[in-house]
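Trainee: I'd like to ask you about the structure that follows.
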Amino acid sequence: MPVNVYLNRRDWVNQNQVIALKYLQEQLEKTEAFARIDFNAPRWPHTLEIRYERINKETPQSVIADIVLGGSLGIIPTNVSETHVLAVEIFEGQIPIRRMTYTEPIESRRSLLDGMDGEKYQKIAIERLLLKFIQDLETQQLLPRVKDLKKPTDQPT
């Protein structure tokens, strides 16, 4: 049975989110579990709508850390707390049948010496979120399967 996946359907996304969503799409494609992964397409008999977002925890400490990081030109390291969220809704036709939400808190250290690239931590969070999600798909048998993900398709019979 064909199953397609939508990523952040109908959402306006900024440049950083595009990078994360493209990475999410690539990781989902590697699973070979879905017929199509898209941002907007017609509904199939079984559809997943997946919404990914990264939430920065705005606290007085995080604001001060941002000021220190900027004021020291990145020399003084600061800690960043983020929560990455993957919300999944499963549809049969037009009817939603299941909603699941996965979260992954990430604590990262940013400085010029450690690298200012938050994209690395975002990729780690996406990989962890997808692992939880794919495990639930397999263990709970939430969708019809075209092939078994654990067995290679080129096994001799």
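Bear in mind that the values in this text are calculations on the coordinates, not laboratory data. Predicted, not measured: the structure shown is a model, and the values here were computed from it. All Cβ positions, even for glycine, are placed from backbone atoms using ideal geometry, and neighbour counts span all protein chains on display.
Trainee: Amide H of Phe34 versus every other amide H placed in the peptide plane: which residues, excluding those fewer than 5 positions away on the same chain, fall under 5 Å?
Mentor: Sorted by chain and number, the residues that satisfy this come to none at all.
Trainee: Evaluate E = 1/(1 + (r/R0)^6) for Glu92 and Ile55, where r is the Cβ-Cβ distance and R0 equals 30 Å; express this FRET efficiency to the nearest 0.05.
Mentor: 0.50
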